[in-house]
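Some notes on the structure that comes next.
The values are calculated or read from the model by the stated rules, or taken from the named source; none is laboratory data. These numbers come from a predicted model, not from an experiment. To get the accessible areas, we keep the full protein, side chains included, count just its heavy atoms, and leave off ligands, DNA and RNA. Shrake-Rupley method; radii C 1.70, N 1.55, O 1.52, S 1.80 Å.
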Amino acid sequence: MKPIVTIICVSRNNARFLKQFAESIAKQTFQDWKVLFIDDSSEDESVEVVRKALPADRLQIIESESRLGYPALMEMAWNMADTELVCFLDGDDYWASEHSLRYMVEGCEGHDAFFGSAIFYMQSAGCYLPCSSRCWGFSDPFPYMFRTGDSPFTLSAIFRKSVMPKCSPFVRRFSAADYSLFLEFALHARNVAYSKQVIGVYRRHDTNITLTTHTGARFLHRAEECRSGLIETYGRDFIFNQIKHRQGDFL
């Protein structure tokens, strides 16, 4: 039987973290999955680590000979995924429990997407911190996210691919693509489920792109660029009416 969930990982130079990444997938109690691993021209042993850690019949590896960047490869993977459900887990992150994928799949039943919560693992300090996203204080985080740039984490979300069959949800000029993906779902999804259940562990470390693109003015500038691009494409009234009338369910 074909797996019903594609787990997408776009990674570069994450060999030191990939064993934990792979182990968190392999131990899931929900086992109808496959991994699409796209390596962005790594200079370490990333591909070898993944190949040894995950079963060959559940793993597809694509190696980019030159650096194409995170958004371009995320879009490639999204288009290659041939399952109804798609989720993302970066090579330096991992799922919080053996039930994380089951929570996401069950949360997506009857919904176009499901978003859980996450926690940080601070690599330098060796400690965990609560997720700092403020959007979970709202019954539907998308309108708040659109206004402020604060967003949930991709590693704690699962998406129904059929919602956006003709959509290109990744903005290539951004080094991180998840924000535009979320906004596209805000426009196209009929209903989305949310939960404060911790699904994933987001690792903060010295080479994490979050340190340079998600904080302070840079993040807000990235969010504003994305909003401006969507408004130019769809029109301001259409976007705000779509988000205003969206329905979200907190599980």
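Can you bin segment 27-77 into rounded, prolate or oblate? Criterion: square roots of the alpha carbon gyration tensor eigenvalues sorted a ≥ b ≥ c, rounded for a/c under 1.5, prolate for a/b above b/c, oblate for the rest. Oblate, because a/c is 1.5 or more while a/b does not exceed b/c. Residues whose amide H falls under 5 Å from that of Tyr194, counting only those 5 or more places apart or on a different chain, are Phe115, Asp249, Phe250, Leu251, with hydrogens built in the peptide plane. Based on protein heavy atoms only, segment 48-130 ends up with 46 Å² per residue of surface accessible to a 1.4 Å probe. Measuring nothing but how far apart in sequence close Cα pairs (under 8 Å, 6+ apart) lie, relative to its length, segment 21-84 scores a relative contact order of 40 percent. Exceedance of the 26 Å cut-off in Cα-Cα distance is limited, within the set Lys2/Lys196; Lys52/Lys196; Lys2/Lys161; Lys19/Lys161, to Lys2/Lys196; Lys52/Lys196; Lys19/Lys161.
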